[in-house]
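Participant: Pasting a structure here, questions to come.
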Amino acid sequence: MTSIQPKHPVVRLEPDSYAQLCLEVLRRDRWQCQYCGSLENLQIHHKQFRSRSGADTEDNLITLCAKCHRALHRS
């Protein structure tokens, strides 16, 4: 018999805390897209989408340029 596991609470930070976390991710990723290496038009991407219970945590975020970010969401 399969037991139902309780859902883990999704971590959603307040806007100021999220902005600080984004800066930490940009620093960690050396201010460059982790796919193509671009240094322009950088954005923060949730590896596991928020819409799929992805958390606002450092290990779930990555730096991407706008072009790679768009391409990732299209696939």
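Participant: Which of the residues that make up the stretch 37-75 are surrounded by fewer than 12 Cβ atoms within 10 Å (Cβ to Cβ), outside any helix (DSSP H, G or I) and more than 13 Å from the chain's Cα centre (by Cα)?
Facilitator: Listed by number, the residues that qualify are G37, L39, E40, S75.
Participant: Against the definition (modelled with pLDDT of 95 or more and among the acidic types (D, E)), how does E40 come out, yes or no?
Facilitator: Details: modelled with pLDDT of 95 or more: yes; among the acidic types (D, E): yes.
Yes; evaluated as a whole, the condition is true for this residue.
Participant: Right, here's the next one. How many residues does the stretch 12-36 hold that are touching a residue at least 40 places away in the same chain (Cβ under 8 Å) and surrounded by 12 or more Cβ atoms within 10 Å (Cβ to Cβ)?
Facilitator: Qualifying residue count for the region: 2.
Participant: Please identify the pairs in which a residue from the stretch 47-75 that is over 16 Å from L13 (Cβ atoms) and among the basic types (K, R) has its Cβ atom under 8 Å from the Cβ atom of a residue that is at pLDDT 95 or above and part of a loop (DSSP other than H, G, I, E, B), counting only partners at least 6 apart or on another chain.
Facilitator: From residues that are over 16 Å from L13 (Cβ atoms) and among the basic types (K, R), the pairs are K67/C36; K67/S38; K67/N41.
The values are calculated or read from the model by the stated rules, or taken from the named source; none is laboratory data. Here the structure is a predicted model, which means the values were calculated and not measured. Counting neighbours? That spans all protein chains shown, and the Cβs are built from the backbone with ideal geometry, glycine included.
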